[in-house]
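Chemist: There's a structure below that I have some questions on.
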Amino acid sequence: MSETTPVSTPTVVKLGGSCLDDLAGDWWDDLARHGRDRPLVLVHGWSKPLKQLRARYSEPSAILRDRYGNQSRWTTPEVIADIKTVSARLGEDVLDRLEQRGITAERLVGSDGLVAAGEGERWWWRDKQLVELENLVGPITGVDPSTLKNLQPGHAYLVTPLARNAAGQEVNTDADRAAAAIAGATGAEHLVLVTDVAHLLIDGEPVRRITAKAAAAFRDKGATGGMRKKLRAAGEALDAGVEHVVIGSAAVTDLLAARTGTVITRT
């Protein structure tokens, strides 16, 4: 379908919390041009602004590791409140940038009916011991796209990726995987994961295109940190019907056209 033909299925873009401050005006100009022809759903991270809010969020003790080796921010009710604080500030800036460029926009917190979560892991390593902790995190179990009532060209949603579990608690979720779940639930063709690296690197070499199977193999054997989560999110998006996932740091239209970044496909 031509990029200039207005369509109703959205492009879902995950905005990395570590790179939001580095996105220049021409990046936002490009996003707005794309958004005039296609609805936008932007899912934002918050790692950098959260660390800027309180120094303790940069300390190693702020991160937990479960019995399977997965990392998670230790999330208490206070952390949820701080996430909401930085998200509101971030949201004002993003919405202003879009509206200056002719894109109407609104914020939506995922826990307000959009994203549901399951029961979270309760056993975590602390001081070299596996202990039971209440950590307000949970795997995403569903997305209700009916809460996105205004999916149309020229309009954008900015989603804060909190979720609500069956007990009614607000919980922290991984933003990349939340974006993947939203992309699948809304029938998006593309998921763009905007981060602070230009490509996926394997053995130090940039990868321009890779299949989901090969990406999963690298995820399990060689990927670390944030890239491991991005590759997991990419696989989940493709399994949910998304056609392509792109990882990179460039303008959205350049990433979608595969002029840069790493494109992940089903086959």
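Chemist: Could you identify the single residue in 84, 128 that is of a type outside the set (Asp, Glu) and surrounded by 15 or more Cβ atoms within 10 Å (Cβ to Cβ)? Can you show your working first?
Modeler: On the way: 128 fails: surrounded by 15 or more Cβ atoms within 10 Å (Cβ to Cβ).
So the residue among 84, 128 that is of a type outside the set (Asp, Glu) and surrounded by 15 or more Cβ atoms within 10 Å (Cβ to Cβ) is 84.
Chemist: Which condition number in (1) part of a strand (DSSP E or B); (2) open to solvent by 20 Å² or more (accessible area, probe 1.4 Å) is the one that residue 214 fails?
Modeler: Going through the list (1) part of a strand (DSSP E or B); (2) open to solvent by 20 Å² or more (accessible area, probe 1.4 Å), residue 214 breaks only (1).
Chemist: Show the residue pairs that are 6+ apart or on different chains and have beta-carbon atoms under 7 Å apart, the first residue being within segment 166-182 and free of Cβ contacts under 8 Å to residues at least 60 places away in the same chain, the second being open to solvent by less than 40 Å² (accessible area, probe 1.4 Å).
Modeler: Here the result reads 169/136; 177/233, each pair linking segment 166-182 to a residue that is open to solvent by less than 40 Å² (accessible area, probe 1.4 Å).
Chemist: Can you name the residue in segment 131-143 that is part of a strand (DSSP E or B) and not aliphatic (A, V, I, L, M) and, of all such residues, is modelled with the lowest pLDDT?
Modeler: This residue is 132.
Chemist: Sticking with this structure for a sec: It is to be established whether one or more residues within segment 163-182 are open to solvent by 40 Å² or more (accessible area, probe 1.4 Å), touching a strand residue (DSSP E or B) at 6+ places or on another chain (Cβ under 7 Å), of a type outside the set (Asp, Glu) and assigned to a loop (DSSP other than H, G, I, E, B).
Modeler: So far as segment 163-182 goes, no, none of its residues is open to solvent by 40 Å² or more (accessible area, probe 1.4 Å), touching a strand residue (DSSP E or B) at 6+ places or on another chain (Cβ under 7 Å), of a type outside the set (Asp, Glu) and assigned to a loop (DSSP other than H, G, I, E, B).
Chemist: If residue 40 meets every condition in (1) under 30 Å from residue 121 (Cβ atoms); (2) at pLDDT 90 or above; (3) touching a Ser or Thr at 6+ places or on another chain (Cβ under 8 Å); (4) crowded, with 19+ Cβ neighbours inside 10 Å apart from one, which number is that one?
Modeler: (1)
Chemist: Only one of (1) within 19 Å of the chain's Cα centre (by Cα); (2) modelled with pLDDT of 95 or more; (3) closer than 22 Å to residue 182 by Cβ fails for residue 146. Which number is that?
Modeler: With respect to (1) within 19 Å of the chain's Cα centre (by Cα); (2) modelled with pLDDT of 95 or more; (3) closer than 22 Å to residue 182 by Cβ, residue 146 is out only on (1).
Chemist: Give 136, 148 a once-over and let me know the one that is open to solvent by less than 40 Å² (accessible area, probe 1.4 Å) and more than 28 Å from residue 250 (Cβ to Cβ).
Modeler: Working: 148 fails: more than 28 Å from residue 250 (Cβ to Cβ).
Going through 136, 148 in turn, just one is open to solvent by less than 40 Å² (accessible area, probe 1.4 Å) and more than 28 Å from residue 250 (Cβ to Cβ): 136.
Chemist: Among the numbered criteria (1) out of contact with any helix residue (DSSP H, G or I) (no Cβ under 9 Å at 6 or more places or on another chain); (2) open to solvent by less than 80 Å² (accessible area, probe 1.4 Å); (3) modelled with pLDDT of 95 or more, which one does residue 120 miss?
Modeler: (3)
Chemist: Next question. Report, by residue number, each residue of segment 183-208 that is modelled with pLDDT under 95 and assigned to a strand (DSSP E or B).
Modeler: Passing the criteria: 200, 201, 202, 205, 206, 207.
Chemist: Right, something else. Exactly one condition in (1) within 20 Å of residue 134 (Cβ to Cβ); (2) without any contact (Cβ under 8 Å) to a residue 12 or more places away in the chain is false for residue 24; which is it?
Modeler: (1)
Chemist: While we're here: List, please: which pairs have Cβ atoms under 6 Å, are six or more places apart or on different chains, and start with a residue in segment 77-88 that is in contact (Cβ under 8 Å) with a residue 24 or more places away in the chain and end with one that is open to solvent by less than 50 Å² (accessible area, probe 1.4 Å) and part of a helix (DSSP H, G or I)?
Modeler: Correct list of pairs: 86/49; 86/50.
Chemist: Take the residues in segment 64-74 that are in a loop (DSSP other than H, G, I, E, B) and farther than 15 Å from residue 177 by Cβ; name whichever of them is most open to solvent (accessible area, probe 1.4 Å). Lay out the reasoning, then the answer.
Modeler: Here is the first cut: in segment 64-74, the residues in a loop (DSSP other than H, G, I, E, B) are 67-70, 74.
From what's left, farther than 15 Å from residue 177 by Cβ: 67-69, 74.
On the way: 67: 120, 68: 152, 69: 23, 74: 76 Å².
Result: 68.
Chemist: Does residue 8 fit the bill of being out of contact with any strand residue (DSSP E or B) (no Cβ under 6 Å at 6 or more places or on another chain), assigned to a loop (DSSP other than H, G, I, E, B) and of a type in the set (Ser, Thr, Tyr)?
Modeler: yes
The values are calculated or read from the model by the stated rules, or taken from the named source; none is laboratory data. None of these values were measured; they are calculated from a predicted model. Note that we place each Cβ from the backbone using ideal geometry, even for glycine, and neighbour counts take in every protein chain shown. These accessible areas exclude ligands, DNA and RNA; they are computed on the full protein's heavy atoms, side chains included. Shrake-Rupley method; radii C 1.70, N 1.55, O 1.52, S 1.80 Å.
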